[in-house]
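Engineer: Sending over a structure as structure tokens; questions will come in a sec.
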Amino acid sequence: SFASASDEERRQKLHDYIKKVLISFRAVFSDIGELQLNVMFPNASGQLEIMHRFPEDVEYQANLALEAGQGGAGVAFASGNLLYIPRVKYRHGVSIGMPPPGNSSGPITYNLKELVYVPTNAEPYRSILSAPIHSATGVVGVLNIDARINNPFADSEFETAQVAASFIAMALDRYRTSS
């Protein structure tokens, strides 16, 4: 349990739990091919930085930091909606408003976002899905799923990505309330 551990042990348990969520999510979508996953949280300046990744040896641009509203992850963070970039080469994305948890009958909305993708120097992937991490205090981070093929995700994957982000949010809330 988080409450009975030291601060360092609690941070390690949180890291281990997030890693398990990333491993599980990747296994669910093994038919899509090799996915690279990362979780971004705001740093001390409020910019989103990659804090967790799987596989752990995956390369991302050094010192990558996005402002809220910048890039797919920044748009997902600022809006609280999923952001899907089906083909990074065209740089556009689709903001997907999902119904709130527990209200599966609510409408799903789709809005085109032009030139949302921010090119980096480490890009073996072709599609990106960014799911906001909603905690009790609001949007606190973003789960990014990078695929090496074009347009591999559909509505069911959007929902599953949001569920994975919710598991991360629950762990964060538990971590915060145990201090």
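The values are calculated or read from the model by the stated rules, or taken from the named source; none is laboratory data. Here the structure is a predicted model, which is why all the values come from computation and not from measurement. Every residue, glycine as well, gets a Cβ built from its backbone with ideal geometry; the counts of neighbours run over all protein chains shown.
Per-residue answers, yes or no, for (1) assigned to a strand (DSSP E or B); (2) surrounded by 20 or more Cβ atoms within 10 Å (Cβ to Cβ); (3) modelled with pLDDT of 85 or more; (4) of a type in the set (A, V, I, L, M):
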position: P99; (1), (2), (3), (4): no, no, no, no
position: G106; (1), (2), (3), (4): no, no, no, no
position: L112; (1), (2), (3), (4): yes, no, no, yes
position: L129; (1), (2), (3), (4): yes, yes, yes, yes
position: V140; (1), (2), (3), (4): yes, no, yes, yes
position: N144; (1), (2), (3), (4): yes, yes, yes, no
position: P152; (1), (2), (3), (4): no, no, no, no
position: I168; (1), (2), (3), (4): no, yes, yes, yes
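Engineer: Given the condition under 16 Å from the mean Cα position of the chain (by Cα), part of a loop (DSSP other than H, G, I, E, B) and at pLDDT 90 or above, answer yes or no: does some residue in the stretch 17-33 qualify?
Structural biologist: No, there is no match, as no residue in the stretch 17-33 is under 16 Å from the mean Cα position of the chain (by Cα), part of a loop (DSSP other than H, G, I, E, B) and at pLDDT 90 or above.
Engineer: Test each condition in (1) surrounded by 18 or more Cβ atoms within 10 Å (Cβ to Cβ); (2) hydrophobic (A, V, I, L, M, F, W, C); (3) modelled with pLDDT under 90 for A62 and report the one that comes out false.
Structural biologist: (1)
Engineer: In the stretch 131-179, what residues are on the phi > 0 side of the Ramachandran plot and touching a Lys or Arg at 6+ places or on another chain (Cβ under 7 Å)?
Structural biologist: N151
Engineer: Could we say that V88 is among the β-branched types (V, I, T) and modelled with pLDDT of 65 or more here? Give the steps one after another, and end with the answer.
Structural biologist: Numbers: among the β-branched types (V, I, T): yes; modelled with pLDDT of 65 or more: yes.
Criteria met by V88.
Engineer: Quick check on my filter: what residues within the stretch 45-59 are among the hydrophobic types (A, V, I, L, M, F, W, C) and part of a strand (DSSP E or B)? Let's see the steps before the verdict.
Structural biologist: From the stretch 45-59, those among the hydrophobic types (A, V, I, L, M, F, W, C) are 48, 50-51, 54, 58; that's our starting set.
L48, I50, M51, F54 - these are the residues of the stretch 45-59 that are among the hydrophobic types (A, V, I, L, M, F, W, C) and part of a strand (DSSP E or B).
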